[in-house]
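Just so you know, all these numbers are worked out from the coordinates, no wet-lab data involved. Nothing here was measured: the structure is a model prediction, and the numbers come from that model. Cβ coordinates were reconstructed from backbone atoms using ideal geometry, including for glycine residues, and neighbour counts include every protein chain displayed.
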Amino acid sequence: METTGVAQGRPLYGEMMGIFDRFRKSRDETATLYRAVVARARQPHWYLAGAVPDTIDGRFDMIAAVLAIVMLRLEDDPAGVRASTQLSEAFVDDMDPQLREIGIGDLLVGKHVGRMMGMLGGRLGAYRDGLAAGDLAPALVRNLYRGESPEPGAVRHVADSLTALRDALATMPTSALLAGDLL
């Protein structure tokens, strides 16, 4: 096995590990922020006052909602675009073992993760449009509650809370956000 590059005289193994180190480092940069997103999405008020179903699907949908708000904020700053992409990768890294834990077989995990990424992308667009229109409720009923509208007060609680999060994140530096400060 050749262990040095012909032209450079450097160890090939070292070059390959350098590639993986850069990949790992980029993921590590957003790991704290992703953990903060998940912690925010697990807060009881979403499930109590907001009537988000406390189920696997409901928890996924709530993580996707908070994640979408954070990603939209990051996309507003050119310095945050790369981190937004890394957050979606952290989401995949988190969902893969979750699917396996609930019994999804190896052959189907990729298909499910792909579907989840499509759902996240759809939510990004729906929440972006809802925020721009000043009314998140229709997007929340369709995506967070999966068409089953709870009491209007519950939807309003979630819409107001996500809008307040978006507004608060807009005032903070990207560096603080990347450090996992979700207020």
- Calculate the spin-label point distance for Thr32 paired with Asp160, positioning each point 7 Å from the Cα along the beta-carbon direction, and give it in nanometres. 3.2 nm
- Query: Residue by residue, what Karplus-based ³J(HN,Hα) values in Hz, rounded to whole numbers, does segment 128-140 have, using 6.51, -1.76 and 1.60 with θ = phi - 60° and x for Gly and Pro?
  - Reply: 4, 5, x, 5, 5, 7, x, 8, 7, 3, x, 5, 5
- Item | 11 Å reach of a label modelled at Arg128, 7 Å along Cα-to-Cβ, counting backbone N of segment 66-90 | 72-73, 75-76
- Message: Around Leu182, under 15 Å between beta carbons, what's the net of Lys plus Arg minus Asp minus Glu among the other residues?
- Response: +3
- Message: Given points 7 Å out from each Cα along the Cα-Cβ axis, report the Asp76 to Asp57 separation in nanometres with one decimal.
- Response: 3.2 nm
